[in-house]
1. Go through the stretch A:200-210 residue by residue and tally those that are in a helix (DSSP H, G or I) and either surrounded by fewer than 17 Cβ atoms within 10 Å (Cβ to Cβ) or free of Cβ contacts under 8 Å to residues at least 12 places away in the same chain (or both).
2. On the basis of being within 22 Å of residue A:203 (Cα to Cα), in contact with a strand residue (DSSP E or B) (Cβ under 8 Å, 6 or more places away or on another chain) and free of Cβ contacts under 8 Å to residues at least 12 places away in the same chain, does residue B:42 make the cut?
3. Every residue in the stretch B:28-46 that is touching a helix residue (DSSP H, G or I) at 6+ places or on another chain (Cβ under 7 Å) and within 13 Å of residue B:7 (Cα to Cα), please.
4. Does the stretch A:181-197 include one or more residues that are away from every other protein chain (no Cβ under 14 Å) and under 24 Å from residue A:81 (Cα atoms)?
5. Restricting the search to the stretch A:166-187, which residues are part of a loop (DSSP other than H, G, I, E, B), at pLDDT 80 or above and farther than 24 Å from residue A:61 by Cβ?
6. Go through chain B and tell me which helices (runs of 4 or more DSSP H), entirely inside it, have 2 or more residues that are within 12 Å of chain A (Cβ to nearest Cβ).
7. Quick check on residue A:165: is it under 30 Å from residue B:42 (Cβ atoms), surrounded by 14 or more Cβ atoms within 10 Å (Cβ to Cβ) and in contact with a strand residue (DSSP E or B) (Cβ under 9 Å, 6 or more places away or on another chain)?
């Protein structure tokens with residue numbers, strides 16, 4: 001790839017990450033603020049309702065038409081969606097989900113910030129620094145952490161919420177989703193972070209060799 | 001740090017300034033300053049040889065090993 005194109009891609013990544021960072025901060029403050037200040041401001045929907053994704057079994061049948069003469073039957077057996085438990089939700093459950101969301105939001109913000117800083121150092125033609133090794137380690141641990149926390153949230157849903165949900169036509173079936181792709185990607189980034197750290201140390205040593 | 005750099009002592013003895021020595025040795029003043037202030041992590045034999053040549057001294061006059069007291 002030509003060098004100029006590479007530089008432009010890095011510049012675009014810098015701008016995009018900057019925008020995502022500020023939007024994420026604004027979004028997190030907005031939603032967390034609404035949740036926390038809900039009772040004060042009288043917004044009960046955000047302060048006492050619980051909205052969370054869930055999986056369920058359904059038995060829907062339909063058709064798919066590919067050509068004008070070819071129609072085949074289609075079935076939906078398993079689906080994902082969001083459910084909202086209206087107030088009053090048990091306080092303990094709200095607190096647990098609020099804390100889990102808070103931690104996940106924090107980790108996502110941390111990842112975006114670390115990535116943005118790495119891109120900035122690449123733009124300044126100085127990526128091999130010890131700080132970047134640390135930032136990559138933050139990204140790796142955060143990715144693994146987010147996945148494990150979401151697994152924990154699924155476990156809570158499966159053990160506590162699911163037996164309490166009753167619907168006429170669907171059967172709620174939560175699963176513990178821990179994406180091993182993300183865990184492996186996190187471990188790969190951890191190895192790259194260590195390589196970065198060693199590289200940065202070698203560079204520093206080389207620079208301080210007179 | 002257990003290796004002490006006595007470059008400033010030798011430079012004072014020979015009455016040579018940092019800039020002059022850097023120019024004669026063929027390294028930058030900034031790098032020579034790093035060596036003088038003991039911030040360097042390693043010294044090339046070629047640099048040491050050039051410094052000894054200019055200051056007319058032995059490596060031991062510039063570098064000194066000090067045992068850590070524990």
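The values are calculated or read from the model by the stated rules, or taken from the named source; none is laboratory data. All values reported here derive from a predicted model rather than from experimental measurement. Positions of Cβ are backbone-derived with ideal geometry, glycine not excepted, and every protein chain shown enters the neighbour counts.
1. Number satisfying all stated conditions: 7.
2. Judged against the criteria, residue B:42 is a match.
3. B:32, B:33, B:35, B:36, B:40, B:43, listed by residue number.
4. yes
5. Matches in the stretch A:166-187: A:179 only.
6. So the answer is B:18-25, B:29-36, B:45-55.
7. no
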